[in-house]
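Report on one structure; see the data block that follows.
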Amino acid sequence: MDCARFLTNVANRRKSSIIREWTTKFMANQNAINLANGMPNTKTFPFEEISVTYKSGTKVKLTGDELAWSLQYGPSQGYIPLVKKMREFQEYWYKPAYNDWDILFTSGSMDGCSKVFEMVVEIGDPVMIQIPTYDGILNALAPFMPKFIEIPQDHDGIIPESIEKMFEERIRHGKPLPKILYVNPTGANPTGTVLTESRKSRIYELAKMYNFLILEDDPYYFLHFLDKKPTTFLELDTDGHVLRLDSFSKILSAGIRLGIVTAHKDFIKRLIKHMESTSIHASSLSQMLLFKLLNTWDQEKLEQHFKDIQSFYRERRDIMLSSLEKYLTGLAEWEIPKGGMFVWVKINKIKDVMELTKEKCISHGVFVIPGHAFNHDRSKPEYHIRLSYSYASPEEIDKAVQILAQLIRKEIGKQN
């Protein structure tokens, strides 16, 4: 595939760093003498060891060379042994259908998204986004002043026919065609939908037909509530039309700030250049902690951890749904989330929820997100709210939904 046609002028102007290149070469040859890099001497660091205990009781200590590399500069692509381990991880879970792919560690998947947008989106370009969508994505795109092309969702995710119709219309009227589709396919934020395999297949066909990229942002992949794991766009990809983003924030630690971009090697090379001149590399300590975990846990243990996570969030989801049934029946409508951390609730008989969420709910000690946050045009009236069941206790969930119901009734009474 010709990756070059997708690159922006900014991406093409980026140069590789000689210093960063030398760092990678030194890391691969630790018997060499390094007079090249301005690496601080680890003897001056005030740490003797770092000890971590897993929930299973297993203890891991970082000392010696492992501690030194945990606290030191490293290659921009990632800690070399971990990069190898993660290629094996991606191969096991997603089985990419072509060979010219690689990975890059970023400081969370949001960092990866931002770097991909700068690589492929010029100022004023048309960009396809699923609507509603996470406001971090909308804010990352906003500086590019894109022409947002909204791809609507139903209970099975974004609708391929909307994409096809849009391309036909833009071709007919001679309008510029979008180069990229942003999609959050599993446990979508905020709707909780899971894009079906048949729709993914059709969307990928359209990507090849109209030659656009699919940015598969999938931080909730291991938080689905289906009987079998969803097929990913990466599994369907045969030539590099998919850039996949994975995150460890939802399955290991949000504060560890590690994400992975999996894409065609030519895209990864460009993204590494971006890393070299911005964040340099993802946290060395976080990478070492992940490496030790993956070395300590076998595949069976890791899969059990993912199942435990799914079970936890499925239980919390069901608690939230029970409270919604108890207090909001007749006041609101919602779909059952198929994954993720959120319920997308449509409030009946209220024309706009901003005052309800910003003034009433907060003053009563309940925080919910108004639907405005998930639309690039926040001036539009919005009657949806996003409720998260991930963090609050079961008792807090029930109490909050009860208060919300009382506030909705009062608001409806005022409007009448």
| query | Between the stretch 315-376 and the stretch 1-69, what's the alpha-carbon centroid distance in Å? | reply | 43 Å
| said: Distance between the C-alpha centers of the stretch 238-278 and the stretch 124-140? Whole Å please. | reply: 18 Å
| request: Heavy atoms only, probe 1.4 Å: what % of the accessible area of the chain goes to carbon and sulfur, would you let me know? | output: 52 percent
| remark: Everything considered on the Cα gyration tensor (a ≥ b ≥ c; rounded for a/c under 1.5, else prolate if a/b is larger than b/c, else oblate), the stretch 221-290 must be described as oblate
| Residue separation times 0.36 nm, minus the C-alpha to C-alpha distance between Tyr391 and Asp239: what's the value? | 50.8 nm
| field | Additional length obtainable on full extension of the chain from Glu333 to His155, 0.36 nm per residue less Cα span | value | 62.8 nm
| note | Hits in the stretch 330-361: amide N under 11 Å from the 7 Å Cα→Cβ extension of Gln415, namely 332, 347-356
| request: Compute the FRET efficiency between Glu169 and Ser56 as 1/(1 + (r/R0)^6), taking r as their Cβ-Cβ distance and R0 = 45 Å, and round to the nearest 0.05. | output: 0.20
| Separation of alpha-carbon centers, the stretch 77-91 and the stretch 165-224, rounded to whole Å | 27 Å
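So how much slack lies between Asn37 and Asp298, counting 0.36 nm per residue of separation and subtracting their Cα-Cα distance, in nm?
Gain in length upon complete extension: 90.4 nm.
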| field | 18 Å Cα-Cα reach of Lys147 towards aspartates and glutamates, excluding residues that sit fewer than 8 places from it in its own chain | value | Glu118, Glu122, Asp125, Asp135, Glu164, Glu168, Glu169, Asp377
| Per-residue ellipticity at 222 nm for the chain, helices alone: DSSP H runs ≥ 4 residues times -39500 (n - 2.57), over residue total, nearest 500 deg cm²/dmol? | -12500 deg cm²/dmol
| query | Are there any helices in the chain, counted as whole DSSP H runs, that stretch 15 Å or more along their axis by Cα and score at least -0.5 on average by Kyte-Doolittle, and if so which? | reply | 109-120, 284-296, 394-415
| field | Max mean-square fluctuation residue, GNM over the chain, Cα-Cα springs under 10 Å, options Lys95, Lys301, Lys55 | value | Lys55
| message | I'd like the Kirkwood hydrodynamic radius of the chain, using the inverse of the mean 1/r over distinct C-alpha pairs, in Å. | response | 23.2 Å
| Going down the list Lys301/Lys399; Lys200/Lys228; Lys175/Lys273; Lys208/Lys265; Lys200/Lys229, which pairs span over 24 Å between their C-alpha atoms? | Lys301/Lys399; Lys175/Lys273
| query | Taking N as the number of residues in the stretch 2-80, what is its Cα Rg relative to 2.2 N^0.38 Å? | reply | 1.54
| remark: Most fluctuating of Arg257, Arg199, Arg172 in the GNM of the chain (C-alpha, under 10 Å) is Arg172
| remark: Inverse of <1/r> over all distinct C-alpha pairs of the stretch 193-239, i.e. the Kirkwood Rh in Å, gives 11.6 Å
| query | Dipole of the stretch 53-211 (Lys/Arg Cβ +1, Asp/Glu Cβ -1, origin at the Cα centre): which of Ala188, Gly78, Ile159 lies farthest to the positive side? | reply | Gly78
| request: Sort Lys229, Lys85 by accessible area with a 1.4 Å probe, largest first. | output: Lys229, Lys85
| message | If exposed means no more than 15 neighbouring beta carbons inside 10 Å and the site is in a DSSP loop, what's the longest run of the chain without any exposed chymotrypsin sites (Phe, Trp or Tyr not before Pro)? | response | 99-366
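The values are calculated or read from the model by the stated rules, or taken from the named source; none is laboratory data. The shown structure was predicted, so the numbers you read here are calculated from the model rather than taken from an experiment. Ideal geometry is used to build each Cβ from the backbone, glycine not excepted, and the neighbour counts take in all protein chains shown. Surface accessibility is based on the protein's heavy atoms, side chains included, excluding ligands, DNA and RNA. Shrake-Rupley method; radii C 1.70, N 1.55, O 1.52, S 1.80 Å.
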